[in-house]
Structure formats: C-alpha cells, structure tokens
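The values are calculated or read from the model by the stated rules, or taken from the named source; none is laboratory data. Every value quoted in this text rests on a predicted model; they were computed, and no experiment measured them. Please note: Cβ atoms are built from the backbone with ideal geometry, for glycine as well, and neighbour counts cover all protein chains shown.
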Amino acid sequence: MFADSHCHLNYKGVFEQQGEVLARARARGVGAMLNISTRESEWDAVVATAEREPDVWASIGIHPHEADQHPHVDLAKLVDRASHPRVVGIGESGLDYYYDHSDRARQQASFRTHIAACRETGLPLIVHTRDAEDDTLAILREEMEQGAYKGVIHCFTASDAFADAAMALGFYISISGIVTFKNARDLQETAARLPIERLLIETDAPFLAPVPNRGKPGEPAFVADTAVFLAKLRDEPIDELAARTADNFFTLFDKARQ
C-alpha cells in the first residue's frame, strides 16, 4: 500500500473529477491520502472530502502565501477546527521567501501560531519552506525549546544540512515527484541516503507530476511512480519502500489510526 502524505484533492485540476481521481489512486494501491488545506475558505470542503472518503484525511492550516490575508486565524481557531475527527495534521504552514506573496514577519508569526496549535493538539506540523532554510530551521529549533511537537518537511527540496537538522529535531522528510526530474541530482543524492524510518512520499497533486506523467495534472495515483523511482534510487524492493513509508505515515499522523 502507498500513502500520499500531501495532496490537494479540492484544487482545480483534481476536484472536477475527484471521484475518478480517487478510483485511479486506489487502483494503483494508494490506501491513504492526506488532503491539505492552504486557506480558511478551503477548510469546509477539504474536511468534507475526508468525511466522505474513508481513506482520505484532512489538514487545517494557512499557507505562507496566504498569511497576509489571514491575520484572524489564531491559535484558538486552529485548535477548534483541528478537533474534527478527520483532521490529522496542522498546515501546510511555513516560510516562502521565493515568491514573498506575504510579508515575511507575517509568515513567521503565522508559522509560530501553527506550531503552537501542534503543541496543544498533539497533531503533526506540515512544513512548507522555500528559499528560507535558515529562518525555517531557526523557528523550528526555537519553538522546540518551548515544548516538543512533531512534523514533516513536505515536498523536500532543501539541502543535505537542512535534512539532517530537521531529522535531528524528529521531523520526517517527504519526497515528491520532483525527485524524478532530470535536473534534481542534488535531491536524488539526499533522497538516496535518507533513513527509511524518516521517509514519506507525496504528490502535492495537482502539482509536480513525476516522470512519466510530466505535463499532466498531478494526482495521488502518481505517488506509485515516485515510489518506484525512489526504490530504484535507493536499491530497495518497492514493496518494502511502500510498506515502510505507509507505516511512517500512520506513525506520524497517528490520529488517522483511530
């Protein structure tokens, strides 16, 4: 069984054919999908999909791109909405200095609020970071000193040093279809050496479709293609990589076991 640890089933490109997308995923052996929210206006629909589909769970959060538009989403609101039985994670949240769609100070404040919600609920943090390694790591470390929490670096494309530092804090590393791209040599080298007990896989659908699906809208079924590539890269049996990453998914997002 494969677990897609990060997808957007309510985004354009997937939502219009959500039933067919889910059927194709199940046909490829995908038995767990985490439907990620990025803005408050999505929360109801993202949770509703998880309510309707037994192999889909939901997250509650505000993407760093949306931080400027969501100053009202505070700790109490996150904690309240995360109490839903199908919500198993907080995020995606973090820092994006590549696009800078939101003020950096606002991104940082929102990130810390999400971490506080993880502490209060016990749910894992889903981290987005792009061109912001130093500040992301500094906040993760500072907040860990205030009290333990758990999480995953989603769609990992950062440095070896960042991977090691995140794992030292107890984080998982999630690999997307980017690892299959020809120009992703550095990421491939990192993915090859990650300890299997800290590895997750994802699609970030409808984005980042892996080889051999480049140019198509991404969908959870494609997590199997990323897994096949990773298994070859790591010289591991595909069945073992699938089983271990699925087990890691349910270890981290342990509310999904209930």
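Evaluation of Leu140 against the conditions (1) under 28 Å from Gly31 (Cα atoms); (2) crowded, with 19+ Cβ neighbours inside 10 Å shows that the sole unmet condition is (1). Quick one: count up the residues across segment 117-136 that are within 23 Å of Asp68 (Cβ to Cβ) and buried (at least 19 other Cβ atoms within 10 Å of the Cβ). Result for segment 117-136: 9.
Residues checked against (1) under 21 Å from Leu34 (Cβ atoms); (2) touching a helix residue (DSSP H, G or I) at 6+ places or on another chain (Cβ under 7 Å); (3) buried (at least 16 other Cβ atoms within 10 Å of the Cβ):
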{"residue": "Lys182", "(1), (2), (3)": "no, no, no"}
{"residue": "Ala191", "(1), (2), (3)": "yes, yes, yes"}
{"residue": "Ile201", "(1), (2), (3)": "yes, yes, yes"}
{"residue": "Asp204", "(1), (2), (3)": "yes, no, yes"}
{"residue": "Phe207", "(1), (2), (3)": "yes, no, yes"}
{"residue": "Asn213", "(1), (2), (3)": "yes, yes, yes"}
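Being touching a strand residue (DSSP E or B) at 6+ places or on another chain (Cβ under 8 Å) and aliphatic (A, V, I, L, M) is a property that Leu137 lacks. Is there a residue being over 13 Å from the mean Cα position of the chain (by Cα), free of Cβ contacts under 8 Å to residues at least 24 places away in the same chain and surrounded by fewer than 20 Cβ atoms within 10 Å (Cβ to Cβ) anywhere in segment 61-68? No.
Within segment 224-241, none of the residues are of a type outside the set (D, E, K, R), closer than 30 Å to Gln18 by Cα, free of Cβ contacts under 8 Å to residues at least 60 places away in the same chain and assigned to a loop (DSSP other than H, G, I, E, B). Does Ala109 fit the bill of being of a type in the set (A, V, I, L, M), touching a residue at least 24 places away in the same chain (Cβ under 8 Å) and over 28 Å from Glu51 (Cα atoms)? Criteria met by Ala109.
Rundown of residues vs (1) farther than 23 Å from Asp254 by Cα; (2) hydroxyl-bearing (Ser, Thr, Tyr); (3) without any contact (Cβ under 8 Å) to a residue 40 or more places away in the chain, yes/no style:
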| residue | (1), (2), (3) |
| --- | --- |
| Met144 | no, no, yes |
| Gly147 | no, no, yes |
| Ala161 | yes, no, yes |
| Tyr172 | no, yes, no |
| Ile175 | no, no, no |
| Val179 | yes, no, no |
| Lys182 | yes, no, yes |
| Gln188 | yes, no, no |
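For the condition within 19 Å of Leu194 (Cα to Cα), in contact with a strand residue (DSSP E or B) (Cβ under 8 Å, 6 or more places away or on another chain) and not polar (S, T, N, Q), what is the one hit in Arg234, Arg244? So the residue among Arg234, Arg244 that is within 19 Å of Leu194 (Cα to Cα), in contact with a strand residue (DSSP E or B) (Cβ under 8 Å, 6 or more places away or on another chain) and not polar (S, T, N, Q) is Arg244. Screening Thr121 with (1) within 30 Å of Gln188 (Cβ to Cβ); (2) at pLDDT 95 or above gives one miss only, at (1).
Among residues of segment 76-109 being surrounded by fewer than 16 Cβ atoms within 10 Å (Cβ to Cβ) and among the hydrophobic types (A, V, I, L, M, F, W, C), the one that is nearest to Val47 (Cα to Cα) is Ala76. Filtered by the rule that a residue be within 25 Å of Ile60 (Cβ to Cβ), assigned to a helix (DSSP H, G or I) and hydrophobic (A, V, I, L, M, F, W, C), segment 242-258 gives Ala246, Phe249, Phe250, Leu252, Ala256. Within segment 83-97, can one find any residue that is over 26 Å from Phe250 (Cα atoms), part of a helix (DSSP H, G or I) and of a type outside the set (Phe, Trp, Tyr)? No, segment 83-97 has no match at all. Per the listing Glu51, Glu66, Glu42, the residue uniquely of a type in the set (Asp, Glu), in the same structural domain as Val87 (by TED's automatic domain parsing), modelled with pLDDT of 95 or more and not in a loop (DSSP other than H, G, I, E, B) is Glu66.
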